1. Suppose we filter K255, K263, K227, K210 for residues that are among the basic types (K, R), crowded, with 17+ Cβ neighbours inside 10 Å and in the same structural domain as L194 (by TED's automatic domain parsing); which single one remains?
2. Which residue pairs have Cβ atoms under 7 Å apart, sit 6 or more places apart or on different chains, and have a first residue in the stretch 243-271 that is over 23 Å from K180 (Cα atoms) and a second that is surrounded by 12 or more Cβ atoms within 10 Å (Cβ to Cβ) and β-branched (V, I, T)?
3. So which residues in the stretch 158-178 are in contact with an Asp or Glu (Cβ under 9 Å, 6 or more places away or on another chain), free of Cβ contacts under 8 Å to residues at least 40 places away in the same chain and closer than 17 Å to P223 by Cα, if there are any at all?
4. Considering only the stretch 198-253, state which residues are assigned to a loop (DSSP other than H, G, I, E, B), over 23 Å from L91 (Cα atoms) and at pLDDT 90 or above.
5. Of G95, G56, which residue is small (G, A, S) and not assigned by TED's automatic domain parsing to the domain that holds L18?
6. Among the candidates H195, H182, H144, single out the residue that is at pLDDT 95 or above and surrounded by fewer than 19 Cβ atoms within 10 Å (Cβ to Cβ).
7. State whether the residues of the stretch 119-129 include one that is assigned to a helix (DSSP H, G or I) and under 14 Å from M59 (Cβ atoms).
Amino acid sequence: MNPLPFGQFLPDARRMKLIHQSRQQAATWWGKQRAQWIRKKVLKGATFPMDLLLDGLAMRCYIEDNISERGFVFMPWRFDHFEREFLLKQLPVNGVLVDVGANVGIYGCSALTKLGPNGRVIAIEPNPPVADRLRFNLAATAQHHSSQAEVKVLQCGVSDVKGTFPLYLNQDNLGASSLKGHSTQTIQVACFPLHDILDNHQLSQIDVMKVDIEGAEDLALVPFLTKAPAAMLPKVLIFEDNSSQWQLDLMAALKSKCYRLVKKTRLNWVFER
């Protein structure tokens, strides 16, 4: 059964006003405290999901079980602000975004606010309920902007080898589910090397790639950087800093392919080639 269209779960005017107040707080410690206080007022007695149009992104937000959603809705200046601004600056109108570990689609939806009819978004997300939210948000944002960009959601995992592996689920924060986890709740997901996935979709170039797969970034990126032809290497690469969990030397692989560090943010590395 198709979900109800975007706009069926709009918050009341009071909550919407509070959400905008929270987003306008200063990017300081005091701003964070005030935003958290406002967030509590919004969430108290609220029903979910909420359909929110923020920064041009049309998203059906569940908030309570996804930290990324909470960050984007209430404190966007703390949630990958530089990264998303850099994405929009570097992504051509007819460019290609590959989002590995796409979660609910904040990066992909951001790209759709800019991409033209020849643009492409390939979003990879293995967790079934999260992939459903991802599909909805991308479709809603595309519709809002009358975007004709090509959008593909691939419900699979990315690893260094092909196979079926357990995905460790985090029910308190669905975006933190990982191939490298310790939860007692798991599902089996099909996984493929990143190069194979992208080769199957006949990509000749990638303008921006974002990778956030909770500690398995090295397993996805090092084999890809080693195997992919130069023309297919992303011009911009954004990935989460989970270096304490990495087994492969990702930084050495980046250096060998002439990537330079643009910025180290609170959570991520941003490289450019």
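The values are calculated or read from the model by the stated rules, or taken from the named source; none is laboratory data. Note that the structure is predicted; figures quoted are calculated from it, not measured. Cβ coordinates were reconstructed from backbone atoms using ideal geometry, including for glycine residues, and neighbour counts include every protein chain displayed.
1. Details: K255 fails: crowded, with 17+ Cβ neighbours inside 10 Å; K263 fails: crowded, with 17+ Cβ neighbours inside 10 Å; K227 fails: crowded, with 17+ Cβ neighbours inside 10 Å.
Residue meeting the stated conditions: K210.
2. Note: pairs meeting the criteria are V262/V270; K263/V270; F271/V262.
3. K162
4. Taking the stretch 198-253 and keeping what is assigned to a loop (DSSP other than H, G, I, E, B), we get 201-207, 212-216, 228-229, 233-235, 241-242, 246-249.
With the extra rule that they be over 23 Å from L91 (Cα atoms), the set shrinks to 214-216, 242, 246-249.
Of everything in the stretch 198-253, those that are assigned to a loop (DSSP other than H, G, I, E, B), over 23 Å from L91 (Cα atoms) and at pLDDT 90 or above turn out to be A216, N242, W246, Q247, L248, D249.
5. Numbers: G56 fails: not assigned by TED's automatic domain parsing to the domain that holds L18.
Only one candidate passes the filter, namely G95.
6. On the way: H195 fails: at pLDDT 95 or above; H182 fails: at pLDDT 95 or above.
Only one candidate passes the filter, namely H144.
7. Keep residues of the stretch 119-129 that are assigned to a helix (DSSP H, G or I), which gives 128-129.
Among the residues that remain, those that are also under 14 Å from M59 (Cβ atoms) are: none.
No, the stretch 119-129 contains no residue that is assigned to a helix (DSSP H, G or I) and under 14 Å from M59 (Cβ atoms).
Residue by residue, here is whether (1) of a type in the set (S, T, Y); (2) out of contact with any strand residue (DSSP E or B) (no Cβ under 6 Å at 6 or more places or on another chain); (3) farther than 27 Å from K114 by Cα holds:
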position	(1), (2), (3)
I187	no, no, yes
P193	no, yes, yes
N200	no, yes, no
V211	no, no, no
E214	no, no, yes
A231	no, yes, no
L248	no, yes, yes
Y259	yes, no, no
E272	no, no, no
